[in-house]
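The structure under discussion appears below in the form of structure tokens.
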Amino acid sequence: MHKLSPQMRACVDACLNCYTVCLSGFAGHCLEMGGEHTKPDHARLMLACAEICRTSAHFMLLGTPHHKHTCAECAEICTECAKDCERVGGMEDCVAACRACAETCRAMAA
């Protein structure tokens with residue numbers, strides 16, 4: 001097992017948290033709320049965000065240098081997802097998780 005730096009460990013944790021919050025938030029909160037919460041573009045963005053977060057964590061845990069690519073994309077998608085969840089409203093947990101993940105992923109991509 002390779003040793004993760006404290007910064008990478010924090011990024012993995014932020015990615016896995018965002019994955020959990022986006023996936024469970026969509027499957028629970030958004031589907032129950034309906035309306036803007038279930039519009040196709042919002043749904044696709046939340047599910048894409050969850051998946052890129054999971055993938056970025058996976059790549060870091062594997063120890064592959066390709067994590068820089070997934071983390072760069074993850075930061076971009078998380079930023080977009082945070083903005084859209086803010087627009088839809090009532091999704092403060094998702095907004096916070098996405099912003100935290102985007103910040104740590106930007107650092108890992110550099």
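Rule-based calculations on the coordinates, nothing more; no lab input. Small disclaimer: the values here were computed from a predicted structure and weren't measured. Note that we place each Cβ from the backbone using ideal geometry, even for glycine, and neighbour counts take in every protein chain shown.
Before moving on, here are some points about what is shown:
- Counting every other Cβ atom within 10 Å of each residue's Cβ, 5, 56, 24 order from fewest to most as 5, 24, 56.
- Straight-line reach from residue 39: taking Cα to Cα under 18 Å and skipping same-chain neighbours fewer than 8 places apart, the lysines in range are 83.
- Count Lys and Arg as plus one, Asp and Glu as minus one, and take only other residues whose Cβ is under 14 Å from that of residue 92; the net charge is then 0.
- Neighbourhood charge, 14 Å Cβ-Cβ cut-off, centred on residue 54 and excluding it, Lys, Arg +1 and Asp, Glu -1: -3
- Using the Cβ-Cβ distance between residue 92 and residue 58 with R0 set to 41 Å, the FRET efficiency works out to roughly 0.95.
- Overall Cα dimensions of the stretch 15-70, principal axis frame, Å, largest first: 41, 18, 8
- Relative contact order of the stretch 58-110, defined on C-alpha pairs under 8 angstrom at six or more residues apart (%): 45
- Positive dipole terminus of the chain, leading residue within 88, 11, 62 (C-beta point charges): 62
- Comparing the chain with the 2.2 N^0.38 Å rule of thumb, its C-alpha radius of gyration ratio is 1.03 (two decimals).
- Percentage relative contact order, the chain, counting C-alpha pairs under 8 Å, at least six apart: 34
- Potential extension, residue 110-residue 38 segment - 0.36 nm per residue separation minus Cα distance: 22.5 nm
- Amide N of the stretch 95-110 lying under 14 Å from the label point, which is placed 7 angstrom from the Cα of residue 24 along Cα→Cβ: 97
- Positive minus negative residues near residue 81 (Lys, Arg vs Asp, Glu; Cβ under 15 Å): -4
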